[in-house]
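The values are calculated or read from the model by the stated rules, or taken from the named source; none is laboratory data. If you're wondering where the values come from, they're calculated on a predicted model, not measured in any experiment. Using ideal geometry, Cβ is built from the backbone for each residue, glycine included, and neighbour counts are taken over all protein chains shown. Each accessible area value is taken on the protein alone, full model and side chains, heavy atoms only, with ligands, DNA and RNA left out. Shrake-Rupley method; radii C 1.70, N 1.55, O 1.52, S 1.80 Å.
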Amino acid sequence: MTLTIGALRAEPGQKTRGSLPADLGTTTVEVPLILVNGSRPGPRVVITGGVHGGEFIGVDATTRLAGLLEPDEVAGQVVICPVANPPAVYGGRLNISPLDGVNINRVFPGDKDGGPTDRMAAWLFEHLIDGADAYVDLHSGGIDQHLLDFVGYRLTGDDALDAKNRAMAHAVGYELVIFGTSADGGNSHAAANRQGVPAILVETGQLGDRDPATVRRLLDALYRLLHHLGAIEASQHIKPPTVPPREWIWTGEVESSVAGLWYPDAVTGDEVTEGQTIGRIIDPIDGSEQKVAAVSTGKIIYNMNGLSVRPGTHLAAIATPHH
């Protein structure tokens, strides 16, 4: 089958590179795409990097993967989008778009008649994600975030879809596999699940890391996942994971209720108990202090390393092993 997305086409056995315009209302951006149409039938796998600005590992790894994957080694179709949210990647350094201050990973599947970020999300769903057999969204700890590598997936209430999500998450080969108990919310993989598309989130690296070794770790994970999905056969590219996956469950997120300066007392990897003080927010005007408590018991999987925070800033996410 010919792989067609907008004006881009790839015949079976062909790799096509190009970009497509996305009309965001106030501006139009060019979204880069690499279409790898395999020489044999198989699944359509969609991989996005650069949903957030300041998260470099996924952008680098998808760009490298696009150069490495050749159609004659692919069964099915692999659609690679290294920069899924150009305004945030090129114009921002945090997870919000400079066009409207919106975090795209809170508004999926978007609204084609909404603001710029809602339109960007809707464009990605319409052109890339709808109808895919599997979707993988790559993230990392941005320049202000400590993070443990993990894979995220959701429980949807559909046993067959849940089994596909879980199998994809385990195939990545990271030790931490963390699930949420519903497919609600505006995250890319949750919204994809609501459209019936198996999907996972893969987090690799922290603090704006762009180290080649971290990129290699993610590339190895992507090869394992593509092999699991039947998009590539076993080859020398595929390295077995070094640790068995272990399932965890999200138990809570800590958000800032005020603007100020953040001083954490507990950091990524620390075990905390519900009600424990995990940091303080100082008002730079009068020096007053607001204590921040853990909302649940468990391990901090990622936490805010940046100094300045505002209401709604994620300060920490907590998970616990699932038995």
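One decimal place: the segment R216-E255 gains 10.8 nm when fully extended, by the rule 0.36 nm per residue minus the C-alpha distance. A simple spin-label model places the labels of S19 and T273 5.4 nm from each other, with each point 7 Å out along Cα-to-Cβ. Net charge dipole, region 194-323: roughly 480 debye, given to the nearest 20, about the Cα centre with Cβ charges of +1 for Lys and Arg and -1 for Asp and Glu.
Quick one: work out Rg over Rh on the C-alpha atoms of the chain, Rh as Kirkwood radius. Ratio of gyration radius to Kirkwood radius: 0.97. For the residues F56, F150, a 1.4 Å probe over the protein chains yields an accessible-area ranking, largest first, of F56, F150.
Of the complete DSSP H runs in the chain, those spanning 20 angstrom or more by Cα along the long axis with a mean Kyte-Doolittle score not below -1.0 are 212-228.
Taking all Cα pairs closer than 8 Å and separated by 6 or more residues, the relative contact order of region 178-290 comes to 18 percent. On the protein heavy atoms, probe 1.4 angstrom, tell me the percent of accessible surface of the chain carried by carbon and sulfur. Answer for the chain is 51 percent, counting heavy atoms of protein chains only. Select from Q206, Q145, Q195 the residue whose mean-square fluctuation is largest in a Gaussian network model of the chain (Cα-Cα springs shorter than 10 Å). Highest fluctuation among the options: Q195.
Taking a point 7 Å from the Cα of D72 along the Cα-to-Cβ direction, the residues of region 17-58 with backbone N closer than 20 Å to it are 17, 35-42.
Straight-distance candidates among the aspartates and glutamates for linking to K291, with alpha-carbon spacing under 13 Å and chain neighbours fewer than 8 residues away dropped: E255, D265, D283. Here the dipole of the chain is about 620 debye; that uses its Cα centre as origin and unit charges on the Cβ of Lys and Arg (positive) and Asp and Glu (negative).
Annotation: M304 carries an accessible surface of approximately 20 Å², with a 1.4 Å probe and no ligand, DNA or RNA atoms counted.
When the chain is described by a simple charge dipole with +1 on each Lys and Arg Cβ and -1 on each Asp and Glu Cβ, the residue from V136, G279, L24 located farthest towards its positive end is V136.
Taking the inverse of the mean reciprocal distance over all distinct Cα pairs, the Kirkwood hydrodynamic radius of region 1-116 comes to 14.9 Å. Using the empirical formula 2.2 N^0.38 Å as the baseline, the Cα radius of gyration of region 69-183 reaches a ratio of 1.18.
Between T28 and E289, the contour length at 0.36 nm per residue exceeds the alpha carbon distance by 89.6 nm. The relative contact order of region 164-241 comes to 34 percent, based on Cα pairs under 8 Å that sit 6 or more residues apart.
Here is the size of region 99-144 from its Cα atoms: Rg then Dmax, 11.8, 35 Å.
Rounded to the nearest 20 debye, the dipole magnitude of region 183-249 is 100 debye, with +1 charges on Lys and Arg beta carbons, -1 on Asp and Glu beta carbons, and the Cα centre as origin. Based on Cα contacts under 8 Å between residues 6+ apart, the chain shows a relative contact order of 15 percent. Cα centroid separation, region 294-323 to region 69-145: 24 Å.
Under 16 Å Cα-Cα from K164, which lysines qualify once same-chain neighbours fewer than 8 residues away are excluded? Partners within reach: none.
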